[in-house]
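What follows is a short report on a single structure.
We did not get these values from a lab; they are worked out from the coordinates using the rules stated. For clarity, every value in this text was computed on a predicted model and none was experimentally measured. Ideal geometry is used to build each Cβ from the backbone, glycine not excepted, and the neighbour counts take in all protein chains shown.
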Amino acid sequence: MGTITVKDGTEIFFKDWGPKEAQPIVFHHGWPLSSDDWDSQMLYFVGQGYRVIAHDRRGHGRSSQTATGNAMDTYAADVVELAAALDLKGAIHVGHSTGGGEVARYVARAEAGRVAKAALIGAVTPVMVRSEANPGGLPLEVFDGFRAALATNRAQFYRDVPAGPFYGFNRAGATVSQGVIDNWWRQGMMGGAKAQYDCIAAFSETDFTEDLKAIDVPVLVMHGTDDQIVPIADSALLAHPLLKHGTLKTYEGFPHGMCTTHADVINPDLLAFFRA
């Protein structure tokens, strides 16, 4: 574990496990979480002989609680600096939710040789908010509601999201894990309220269409059909056709947080893609 200081003085926290000569996998977390959300994947893939890296996005987790720069271009620029500092080459970048947008923006602009493959899991790509160009998107009022809930009572909001739609715990017959809910809350409350508030616009209003078109490495798009946070019809099903070398894999009934609830399925599928 360590930190780097990027150009604007922000400290970015990261974990770096496994042999330095092994192929690196870089994990990009969702909002409003941290690199800890990848525990299951980090442990699994370091056990498979990979070098595994995950960072806390600026304003999240143990990175600086930034008041500025909480936007997708800056998030991607921070990854550029992290990849350079760790001298990552031939890396596989895996992004969940907001992290999927971060991966798309970074990989589309990465230096030659830096990236070998990418995976987008429950990703916000190509764009979430409804507009004339994206009529199937979610209304802006949904994201205004997120901002209002965060500003009014962030601690309660960060209980309600994981206890309900994030992991599908609001579905009849769901096996609810209080530990998973508590861990989501813990990660969210570690970050800065201002950065997390700003990030709502970053993940909902950023258009990644041109990023997806520009990516020239194999990309695995993974999405649950019961994703209540990033509905599949306006994300994966639109993102996949934009990719030059994309593969779409859907999971019947899986929720947004399927990397946690169904790690036993997701991890081997990722491994198969990495090794292909």
Expressed in µm² per second, the diffusion coefficient of the stretch 48-133 from the Stokes-Einstein equation, with Rh the Kirkwood radius over alpha carbon pairs, at 20 °C and 1.002 mPa s, is 155 µm²/s
Sorted largest first, the C-alpha extents of the stretch 67-178 along its principal axes in whole angstrom are 46, 37, 31
Computed over the stretch 11-54, the distribution of all Cα-Cα distances in 5 Å bins, rounded to whole %, is 5, 25, 33, 21, 11, 4, 0
Whole-Å distance, taken between Cα centres, linking the stretch 234-266 and the stretch 1-74:
21 Å
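Among DSSP beta bridges lying fully in the chain, give the percent that are antiparallel, nearest 5.
Numbers: 8 of 33 bridges.
Around 25 percent of the beta bridges assigned by DSSP in the chain are antiparallel ones.
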With the charge dipole of the stretch 130-221 built from beta-carbon charges (+1 for Lys and Arg, -1 for Asp and Glu) about the Cα centre, the Cα from Ala195, Ala214, Gly173 projecting farthest to the positive end belongs to Gly173
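How high is the relative contact order of the stretch 73-175, in percent, counting Cα pairs under 8 Å that sit 6 or more residues apart? All intermediate terms of the calculation are to be shown ahead of the outcome.
Details: 99 pairs, mean separation 19.6, N = 103.
Taking the mean separation of contacting Cα pairs over the length of the stretch 73-175, I get 19 percent.
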Which loop-located GluC sites (Glu not before Pro) does the stretch 32-141 contain, where loop means any DSSP state but H, G, I, E or B and the Cβ has at most 13 other Cβ atoms within 10 Å?
Glu111, Glu132
Say the dipole of the stretch 18-154 comes from +1 at the beta carbon of Lys and Arg and -1 at that of Asp and Glu; which of Phe27, Gly136, Ala116 then lies farthest toward its positive end?
Ala116
Just Asp87, Asp264, Asp73 to compare: in a GNM of the chain, with alpha carbon springs under 10 Å, which one fluctuates most?
Asp87
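In terms of the Cα gyration tensor, with a ≥ b ≥ c the square roots of its eigenvalues, is the stretch 220-273 rounded because a/c is under 1.5, prolate because a/b exceeds b/c, or oblate? Working shown, then result.
Numbers: a/c = 2.71, a/b = 1.15, b/c = 2.37.
Cα axes put the stretch 220-273 in the oblate bin.
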Using Cβ contacts closer than 10 Å as the measure, can you line up Val80, Val124, Val161 from fewest to most?
Val80, Val161, Val124
For a quick check, take a GNM of the chain with Cα springs below 10 Å and name the residue from Val107, Val79, Val176 with the largest mean-square fluctuation.
Val176
Sorted by chain and then number, the residues having a modelled amide H within less than 5 Å of the amide H of His262, at least 5 places away or on another chain, are none
Those GluC sites (Glu not before Pro) in the stretch 151-258 that DSSP places in a loop and that have at most 14 other beta carbons within 10 Å
Glu252
With runs of 4+ DSSP H residues as the only contributors, calculate the mean residue ellipticity of the chain at 222 nm using -39,500 (n - 2.57) per run, divided by the residue total and rounded to the nearest 500.
-12000 deg cm²/dmol
All alpha-carbon distances of the chain, grouped into 5 Å bins from 0, give the whole-percent distribution 1, 6, 14, 19, 21, 19, 13, 6, 1, 0
In the neighborhood of His60, defined by Cβ-to-Cβ distances under 15 Å, what is the net charge if each Lys or Arg adds +1 and each Asp or Glu adds -1?
0
Rounded, prolate or oblate (a/c below 1.5 giving rounded, otherwise prolate when a/b exceeds b/c) for the stretch 177-268 by Cα gyration tensor
oblate
Please get the size of the charge dipole for the stretch 113-247, origin at its Cα centre, with Cβ charges of +1 on Lys and Arg and -1 on Asp and Glu, quoted in debye to the nearest 20.
420 debye
Using only Cα atoms, locate the centre of the stretch 206-233 and the centre of the stretch 138-192, then give the distance between them in Å, rounded to an integer.
22 Å
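For the stretch 85-243, what is one quarter of the convex hull surface built on the Cα atoms, given in nm²? Mind showing how you got there, number by number?
On the way: hull surface 41.6 nm².
Spelled out: convex hull of the Cα atoms, projected over all directions, averaged, 10.4 nm².
What range in the chain is the longest one free of trypsin sites (Lys or Arg not before Pro) that are in a loop by DSSP and have at most 15 other Cβ atoms within 10 angstrom?
Numbers: sites that count: Lys7, Lys20, Lys89, Arg171, Lys244.
Answer from the scan: 90-170.
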Charge dipole (debye, nearest 20) of the chain; +1 at Cβ of Lys and Arg, -1 at Cβ of Asp and Glu:
380 debye
